[in-house]
Amino acid sequence: MFRLLLINPRFPESFWSFRWALEKILPGKLTLNPPLGLATLAALCPPNWQVQIIDENIDTVPLYPQADLIGVCGMAVQFRRQRELLNYYHGRGYYVIAGGSYASLCPERYHELADTVVTGEAEYTWPRFCRDFEQSVARRLYREMGIVDLVDSPPPRFDLLKLDRYATASIQFSRGCPYRCDFCDIIVMFGRRPRTKNLAQIGQELDHLRSLGVHNVFFVDDNLIGNKRKAKELLRYLADYQQQHGYVIRFGTQASLNLAEDAELLRLFREARFSWIFIGIESPDAASLREINKIQNTRQDILAAVHKIYGYGIDVFAGFIVGFDNDTLEAFDRQYHFIKASGIQVAMIGLLTALPRTPLYERLKHEGRLIEGAECADNTKPGTNFLPKRMDYDTMVQAYKALYRRLACDCDIARRIRNKTCYLTNPVYQGEYPLRQRLEILAKFLACGVFPGGPMRLWWFVRTVAGCSSRVWPQVVSDWITGLAMRDYIKRYFGVDSARERRMAQATIALMRRTYAACLRRGDLDVSVRLTETAARLVVTLRGTVDQRFFTHAVHRIERLLRGTAITLLLRIDECSEKQLHYLDVLLQRLSCYGERVSLHLNHKIQPLLKTDLSVFHMIADEGFTLTSATS
């Protein structure tokens, strides 16, 4: 029997994190989606293997796991953290395997990080690797070169996931997309001919999820209607399944805009109880769409298509992109007016990014416009990896930030809701929690979201509620929570005054040095600040017994700094007396709500003695092999 540990690295915070909503409003949820790929991989393992899945987004990664081999997956946005984890475990002598979508796109970036790299779909290559590993003949690279029949994909090991900690569960019906968008890596990895599971497989997976108490399921297919005939078969099956089981599940998925052209398809989505669909709209400008070969979005009026989907009670989430060669600074205004008129609240706007191996990447590389060393992992950050054609790069970035700040105003959140509810009059979404929890959510939303915004936010909220029927109120509250979560993110990441933050960090360190001079002289405490052109990072090290006031007064100062800025903290605890462990626990609990920006180094003897849930922090291992955060 072999012991396999599979790790999903922590995601850096982005708009998709909805951190404010998860931390302040929703009951007991730590992140959105579980790692479906790892659950599928676990199901592909030999039956005598012992498999554990650790999702760093909800759990602390073990520094010294009892494992014979460790697999670390990752998308492009997770690469930095994935690399740190691979380096650490490889340096500790574990056999490590790298996989995931980014390894499939860029396997050459992993050769020095892992003993084995697995690329492409795993249904055939992973069992082959397992057999080879058992016989001690595992190769350095396993690449799927053929076509995987999804009928051969086993039911994921949902039992290995802590599904109660996720806002939704994940399931997959198809892979592949028939379209040729230049910027998209889906057809590079999965091809243009969608392949599907059979309906019995989907039913088996839904039965398992239902037995685990799941009521919210996301079909992760990149385009669920890539094969419309198969999609309609699935939707009819799901409608029957829902009727048989009392409509206990609410679905969401991703699809192309041509969904709006097919009334039967829309009716089936509603009957199956899909409450939302994510659509890649990208741009309201037909010339920009033709430029990147997204012709399917030019065949109908996009705004009318969104309104038509609303008419079936289905909410629209959408992706938008600015930075096409056709775009000028006026594109930001066009995007703003379209998003406002459409009422789309979950509007993920990104600067165009060239992903490796896509047609866009190859064209820009040939034109010499790629920016050397620029990251291409997250297109929701204010930056990209190539030079725009008709805009100055820095001006484009500033206009991108301004567009998001504009959309995050209370009045714009409210206007989008009002524009949506004119058409979304009978939504599928009616809330997803029991009545008691709904009332708790509403109370938290009012206390943490509406009232802190003052009389004007309260006025805008009341106006959106008063302007529609009570059946739409759950949708209105959900949209407000979404809007305020995005507003919180924008405030913390797009409104940063780097010079001010550096001054505040230096002032805090100066105060701490004066207040705890005796501890500093003894070497029990060390404080410093690391500055770059754009960020500040506090470094606090405890090496012995410190004044008890440190755990109250000093931490209060640090907490104020974290609350009001984007500054990050590295907290090192080399030694802590047994007497002070309680105060350390209190300190960590106070800092836990800023866990995304707190890196924590603990002496391995101290970690088991603490009661605090350390999964919210970026854990750092011993010297030489650090598990530092992406903000390091």
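All of the numbers you see were taken from the coordinates with simple rules; none came from a lab. These numbers were taken from a predicted model, which means no experiment stands behind them. So basically every Cβ, Gly included, is an ideal-geometry build from the backbone, and we count neighbours across all protein chains shown.
So here's what we get for this one:
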{"item": "Debye intensity ratio I(q)/I(0), log10, region 3-143, q values 0.11, 0.21 Å⁻¹ (C-alpha model)", "result": "-0.40, -1.34"}
{"item": "CD proxy at 222 nm, helix term only [per DSSP H run n ≥ 4: -39500 (n - 2.57); per residue of the chain; nearest 500]", "result": "-12000 deg cm²/dmol"}
{"item": "Cut-off 13 Å, label 7 Å out along Cα→Cβ of residue 137, residues of region 1-19 by amide N", "result": "none"}
{"item": "Rg(Cα) / (2.2 N^0.38 Å) computed for region 168-407, rounded to two decimals", "result": "1.07"}
{"item": "Under 13 Å from the Cα of residue 228 - aspartates and glutamates, other chains or at least 8 residues apart", "result": "261, 262, 264"}
{"item": "Taking the chain and dividing mean pair separation by its residue count, relative contact order in percent (alpha carbons under 8 Å, at least six apart)", "result": "12 percent"}
{"item": "Cross-link table 294/365; 29/444; 197/230; 294/340; 232/420; 579/611, entries beyond 18 Å C-alpha to C-alpha", "result": "294/365; 294/340; 232/420"}
{"item": "Expected-Rg normalisation [2.2 N^0.38 Å, Cα atoms] applied to the chain", "result": "0.98"}
{"item": "Residue 553 versus residue 387: modelled label distance in nm, points set 7 Å from Cα along the beta carbon direction", "result": "5.5 nm"}
